Amino acid sequence: MSRSAHPAGPRHADVLPEGHYAAPPADLNVLDPKVWARSVTRGEDGVVTVAGLPVTRLAEEFGTPAYILDEADFRARARAWRTAFGADADVFYAGKAFLSRAVVRWLAEEGLNLDVCSGGELATALSAGMPADRIAFHGNNKSAAEIERAVRAGIGRIVLDSFQEIVRVAHIAQSLGKRQRVQIRVTVGVEAHTHEFIATAHEDQKFGIPLAGGQAAEAVRRALRLDGIELIGIHSHIGSQIFDMSGFEVAAHRVVGLLKDIRDEHGVELPEIDLGGGLGIAYTSGDDPREPHEIAKALTEIVTRECRAARLRTPRISVEPGRAIVGPTAFTLYEVGTVKPLDGLRTYVSVDGGMSDNIRTALYDAEYSVALVSRASDAEPMLVRVVGKHCESGDIVVKDAFLPADLAPGDLIAVPATGAYCRSMASNYNHALRPPVVAVEDGEARVIVRRETEEDLLRLDVG
Ligand SMILES: *Cc1c(COP(=O)(O)O)cnc(C)c1O
């Protein structure tokens, strides 16, 4: 991360505390299109609008906190991935980033497939009408009941994650008189995060079967012997929030190496290769993500080149973007409750949500941006930390950012790029009521996931 350690500094303090912040932007009223959903803009009256709707009106109608999702932007990004990869590849949206029935319908309409990794995600996908053969099932410990349900539904593929699961899925499918299409997830010894990848001992994690020591080759040997499953390919997922394609290059090289070994040993050329997801998005102005067409071109070239070198037919490629599709399309709208300046340190801005609607900052030290959206302001920038209302000092939403110094209780602020892994990881900590997801499109807003109520909470409490 290359954020400046020597910011020009806000004008309200001579000395700044240590932190990963850039200098304050020249004009805090300007919204960087990189981090905001496409239809977000600040109106002439200073109020930010999305799909033509002022955020002040959205807050009145739906309350805060709320996730506001730009449907046209979601569809455009999904379509861009689909188009970039073309007819010879499959794009599986990773449902764990954010899944609801509306999202499933948009994906189905835009020609994407869907990854699920639990019975709950599978139920959501099926109930919204995603054809079962366009669904892939992931996870390192799928239950027998989940596997049985998936096989019965006619799911497109199950991605096998262990030796036990190879046998488990084969037995369940066989007992149902079916032959289930499967891939084997391998760990290639590459882990990529943000701008770097490490090609060493990163097989030390719970997912996948290591290529190292011939374990993946042994898994293939066993899978090919079982009647209940049909092995269609090899799967590799190397990390998340990746900007650098070199990790995929090494991963593809190693996966193709396995395909070649399989051909040499068994005389079989597996028809598919899945390179996973993990492509990065802009959370702050310092991030520069790649466009889907660049990613598609790079991945296709890598696989084609590696296969040519190994004299293999180029397999059908799949990719599994989650964050890169939904992440940029939503922001979280909060109301400011208190503004607490700490002399010589920073100002703490408390909002009406927090780690219950965005755990990523606490969990991964994630960086976010923030803006005052209910009005424009010409006040000086002040260094702030946006915090939630939970009983936890690590309850931080945005660690270091600048907001106008006249910020006051009742103002609305918004945190962009919260479409992925925020609602899907939301919790009821402190018995918080999880916020709604409001889809906006062309001047219309509609709730696609409603706000939780106290009745929802109390319904589970049956003591
Ligand atoms: C999480 C995950 C993805 C999606 O990752 P993003 O960072 O959201 O693109 C894709 N494939 C697998 C197997 C995953 O576990």
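The values are calculated or read from the model by the stated rules, or taken from the named source; none is laboratory data. Just so it is clear, the model here is predicted, and its values are computed rather than measured. Glycine gets a Cβ as well: all are built from the backbone with ideal geometry, and neighbour counts include every protein chain shown.
Worth pointing out:
- THR304 part of a loop (DSSP other than H, G, I, E, B), closer than 30 Å to ILE262 by Cα, free of Cβ contacts under 8 Å to residues at least 12 places away in the same chain and out of contact with any Asp or Glu (no Cβ under 8 Å at 6 or more places or on another chain): no
This table checks each residue for (1) surrounded by 18 or more Cβ atoms within 10 Å (Cβ to Cβ); (2) within 22 Å of ILE295 (Cβ to Cβ).
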site	(1), (2)
ALA89	yes, yes
ALA94	yes, yes
ASP115	yes, yes
ALA125	yes, no
PRO131	no, no
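- Checked against (1) touching a His at 6+ places or on another chain (Cβ under 9 Å); (2) modelled with pLDDT under 95; (3) of a type in the set (D, E, K, R), ASP88 meets all criteria but (1).
- If the condition is being among the polar types (S, T, N, Q) and over 12 Å from LEU160 (Cα atoms), then the stretch 225-255 contributes SER240, GLN241, SER246.
- Each residue in the stretch 239-273 was checked for being in contact with a Gly (Cβ under 6 Å, 6 or more places away or on another chain) and charged (D, E, K, R), and 1 of them qualify.
- Residue within the stretch 326-339 that is more than 26 Å from LEU433 (Cα to Cα), out of contact with any helix residue (DSSP H, G or I) (no Cβ under 7 Å at 6 or more places or on another chain), of a type in the set (Gly, Ala, Ser) and outside the structural domain of GLY276 (by TED's automatic domain parsing) present: no
- Check on SER236, within 14 Å of the ligand (Cβ to nearest atom), hydroxyl-bearing (Ser, Thr, Tyr) and out of contact with any Ser or Thr (no Cβ under 7 Å at 6 or more places or on another chain): yes
- Number of the condition not met by GLY247 [criteria: (1) in contact with a Ser or Thr (Cβ under 9 Å, 6 or more places away or on another chain); (2) modelled with pLDDT under 95; (3) within 16 Å of the ligand (Cβ to nearest atom)]: (1)
- With respect to (1) closer than 25 Å to PRO404 by Cα; (2) outside the structural domain of GLY353 (by TED's automatic domain parsing), the lone exception for VAL50 is condition (2).
- Restricted to the stretch 259-287, and to residues there that are more than 16 Å from the chain's Cα centre (by Cα) and within 14 Å of the ligand (Cβ to nearest atom), the residue that is nearest to LYS96 (Cα to Cα) is ASP274.
- Counting the residues of the stretch 288-324 that are more than 23 Å from TYR421 (Cβ to Cβ), within 16 Å of the ligand (Cβ to nearest atom) and of a type in the set (Val, Ile, Thr) gives 1.
- Candidate set from the stretch 280-301 (those that are hydroxyl-bearing (Ser, Thr, Tyr) and in contact with a Pro (Cβ under 9 Å, 6 or more places away or on another chain)); member that is farthest from VAL256 (Cα to Cα): SER285
- Of residues in the stretch 412-434 being under 18 Å from the mean Cα position of the chain (by Cα) and not hydrophobic (A, V, I, L, M, F, W, C), the one nearest to VAL48 (Cα to Cα): PRO416
- Subset of the stretch 176-217 (residues that are free of Cβ contacts under 8 Å to residues at least 12 places away in the same chain and more than 24 Å from the chain's Cα centre (by Cα)): GLY177, THR200, GLY213, GLY214, GLN215
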